[in-house]
Each structure stands twice: as C-alpha cells, then as structure tokens.
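The values are calculated or read from the model by the stated rules, or taken from the named source; none is laboratory data. Since the model is a prediction, treat every value here as computed from it, not as a measurement. Here Cβ is always computed from backbone atoms with ideal geometry, including for glycine, and neighbour counts include all displayed protein chains.
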Amino acid sequence: MQSILAIAFKDLKLLLRDRGGLFFTFFYPILFALFFGFIFQPSGTEIGALKVNVVDRDKSQESKAFIELLKTAPELDITLTDSLQARKEVLAGKKIAYVILERGFGRARKNPFWGKAPVVLVGIDPSRKAEAGMLNGILMKYAVKDMQNVLSNTKHLRQLTSTALKSVKTDPDLPTYDKQILFDLFHSLNRFLGDSRLSSKGKNGSGFSGLEPLVIKEKNITISSLRQQNSFAFTFPQGIAWGLLACAISFAVSLVGERTRGTLFRIQAAAVKKSAVLAGKALASFITSMLMAVTLIIIGIFLFGIRVHSVPMLLLTLTVACIALVGIMVLFSVLGKTERAVSGMSWALVLPMMMLGGGMIPLAFMPKWLQTLSVISPVKWVLLSIEGSLWRAFSWSQIWQPLIFLLLMGTISFLIGVRRFSWD
C-alpha cells in the first residue's frame, strides 16, 4: 500500500509541474462550461425524428384529428400518454418535450375566423433549446396544414363564415365601425361560397382571431424546487465530461512517457510489483479527476447558482464516473508506443465520444442510427447521470442504469488495457 501511495503522490506532483496538463485538466473544463453557459443563457444535416409525448385534454374530434396529423409528420415521433407520465419522461431525458392540447382546442378549431386560437402547451427539456425551437416550428407548420384542410372544404367553410357572422352581430365589445367592416367581409365571403342564408340567432365571440392557426405556450420542465435553474446547470456537466477525458489522456500519456524513459524499469528494479505501479497510477488519476469534478460543481453552486437535486447521488455519480475514466485511461495508454502516438490516438477517440454522447452536438440533430449508436459512448452516461443528480431529479432506481453502463465500460477498458500493456 505504501508503494501505491508513493507512486500516486509522485504523479500528482508531476501534474502540478506540467502547466499544459494542469490547464487542460482543471481550467479548460471550467472555461468550456462558462463559455457555453453564457451563450445559452435565456435571452443541411439529416435530423432524426424528435421524440415527443402528446396529451389530449380536449378529447374532441378536432383534437384527435390534429394528433393524427402530427403522427404522419416524419419530423416527429409521437407517443400518446397522460400529463404525469409525459412530464416524467421529459425529466428523465427520454423525450425532448411534451405537447398538451388544452381544453377548448376543438371549439377554437371549429371557428378559425372568430374567438381565440387553439392553444397547446409545450413542456421542454431546458437543456435542449435548439430542438424545442424546431418543435415549435413543426407544430405551427402542421397547424397551418390543418387549417388549410379545413378551409379547402367548401361546405364546412360556409358553416364557418355563418358562425363568424353570428359572432360579429352578437359581440357587444366590438366597435360599430369594425363590426360593419367584418360583417361585410364575412357576408361577401358567404355569398361567394354560394350560401347567403344568414341566421339571426348566434352566440358570443371574443374578438376577431385574424386566422391565427395555433398559440404555443412554452415552459421549461424541471422539478418544482429547481425551476430557477440556469443555463450553467446544463453546461457544467459537459465541462466535467471534457475534464474527465482530458485527465484520462494526461495520465495515459504520462504512463507511456515513464515507460519510454525507463522509469517503469527502475521502479520494478526497486522490487515494486507491477500491480502496485498500475494501482498507484490509477489512484492518482482518480484523485485528480475527482478534484476537478468537485471543483467545477463547487464553482457552479457558489458562483453561478447551480442547484443540486441530491448531494449523495451527485457524489456517487462523480465517484463512479471517475472510476470508469480510470479504466479508460489504462486503455488509452496502450494505443501507441510513444507519447505523441498515444496523445493523438486518444484525442482521435475522445472527439467522436463527445459527439456521439451529446457533448458537442445535440443527439436530436444526428441521424437515427447515430442516436442508437450513442449508447457506446461513456460521455452519454456521464452527462445523463450528472444531470440526473442536478436538475433531472432522478430517483435512485433511475440513476442505476447510467452508473452500471459506466462501470461496465470502465471495467472492460481496464481489463483490455492491462492485458495489452507492455512494461518494456
């Protein structure tokens, strides 16, 4: 044990002396998190279908027809569910948003010329603002298409103009001058459609809607105690992921350097077991990774107002993530025979890991086969587990899945690395 601690302490001292390695291990992740945190504050690639839950509170014929229209949209992957389940799946990261068709949707759709426009409530995953913007555009696109279907039916359009005429005549708040203009407009349209039979009996309207196809009300979906969570809560986990991978590369390169310079040979000559050498290197890598991750979390909490859902869960998540990255570090160390080769090969693997795992490009912007392939990236599980401890409000039963994947990946990487490692 004394040998392991001595080797670990030696590696930590060497890291402190290496300004470049120290920068990319501690300061680069902070700069990454801050840069994108400030960017994403509120103020021609193939895209996979957006996974969205839909809740029908209106349950009218019109709302059901609109949902069927959304199901035909190639841009959307629709799942019908209830409000509670829809919210849970957005918080768990399984869906990017939910769409609720509010009560009165069908009544508003029946009369596009008068009264209030149909209302949908969109609950979004706040870490995926880009996809949420796309979703709003898609909803508006199919709302317009739905209105076109309504207005292309001449018989139905006659009924709509007749209803609008009744609403104009019975609206007590409409000025006389405006009432006359709207009455002439709808009366002329009714005559143009071939039906000038106007009934004198009508019901109240709430004002001319201006043919607005849809009103979208949007809100961020986080647990109630974390509604004030800011953009840094969504970028600091990415900074931690970058830091963990940078730390793994740094220690992998240092391990190769000690081998090429003969340091490992001299350590073995001092009657230190090979297992103690690897254990010491792994311990130093774990301590450095943990210090970096905890430092970022502390900075995020005290300087940028990040709120933590569960401190014990977060500590467990960071511990497991650091253990997994130690295994990946050992695997990186066998990718080449020289420091330059290992560094180049490691970064060549890290960049696809970050892209596949959602650390650089949102998963929804990728082809569907790449979204499926993202399960092989440890970055995906690092981000999901840390977000679950911060603002996704994972339960203990939910957090085990990403942690098990991380431990499995770390263990496999460690075993492959140890098997292929050369001491000469």
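Which pairs turn up if I take residues in the stretch 306-331 that are among the polar types (S, T, N, Q) and look for partners that are buried (at least 23 other Cβ atoms within 10 Å of the Cβ) and in a helix (DSSP H, G or I) with beta carbon separation below 7 Å, at least 6 apart in sequence or on another chain? Once the first residue is among the polar types (S, T, N, Q) and sits in the stretch 306-331, its partners that are buried (at least 23 other Cβ atoms within 10 Å of the Cβ) and in a helix (DSSP H, G or I) give SER310/SER389; THR317/SER385; THR317/ILE386; THR317/SER389. In the set THR288, THR263, only one residue is closer than 30 Å to LEU31 by Cα, assigned by TED's automatic domain parsing to the domain that holds LEU31 and not aliphatic (A, V, I, L, M); that residue is THR288.
Of all the listed residues (LEU406, LEU370), the sole one being part of a helix (DSSP H, G or I) and either at pLDDT 90 or above or of a type in the set (S, T, N, Q) (or both) is LEU406.
Annotation note: Cβ proximity below 6 Å between a residue of the stretch 63-84 that is farther than 19 Å from ILE96 by Cβ and a residue that is in a helix (DSSP H, G or I) (sequence gap 6+ or interchain) occurs for SER63/PHE105; SER63/GLY106; PHE66/ASP146; LEU69/TYR142; LEU69/ASP146. With the requirement that a residue be assigned to a helix (DSSP H, G or I), of a type in the set (Gly, Ala, Ser) and surrounded by fewer than 18 Cβ atoms within 10 Å (Cβ to Cβ), what does the stretch 277-306 give you? Answer for the stretch 277-306, where residues must be assigned to a helix (DSSP H, G or I), of a type in the set (Gly, Ala, Ser) and surrounded by fewer than 18 Cβ atoms within 10 Å (Cβ to Cβ): just ALA279. If you go through the stretch 307-325 and keep only what is among the hydrophobic types (A, V, I, L, M, F, W, C) and crowded, with 24+ Cβ neighbours inside 10 Å, you end up with ALA321, CYS322, ALA324, LEU325. Number of residues in the stretch 73-91 that are surrounded by 17 or more Cβ atoms within 10 Å (Cβ to Cβ) and closer than 22 Å to GLN401 by Cα: the value is 6. From the list LEU14, LEU50, the lone residue that is under 30 Å from GLU258 (Cβ atoms) and either at pLDDT below 85 or within 28 Å of the chain's Cα centre (by Cα) (or both) is LEU14. Taking the stated definitions as given, is PHE251 crowded, with 24+ Cβ neighbours inside 10 Å and under 16 Å from VAL334 (Cα atoms)? Yes: the conditions hold for PHE251. If I filter the stretch 263-282 for residues that are of a type in the set (D, E, K, R), over 19 Å from VAL330 (Cβ atoms) and in contact with a Ser or Thr (Cβ under 8 Å, 6 or more places away or on another chain), do I get at least one hit? Within the stretch 263-282 (the criterion being of a type in the set (D, E, K, R), over 19 Å from VAL330 (Cβ atoms) and in contact with a Ser or Thr (Cβ under 8 Å, 6 or more places away or on another chain)), the answer is no, since none of the residues qualifies. From the list ILE67, ILE100, the one residue that fits, being assigned to a helix (DSSP H, G or I) and among the β-branched types (Val, Ile, Thr), is ILE67.
In the condition set (1) more than 20 Å from PHE421 (Cβ to Cβ); (2) at pLDDT below 85; (3) of a type outside the set (Gly, Ala, Ser), GLN398 is compliant with all but (2).
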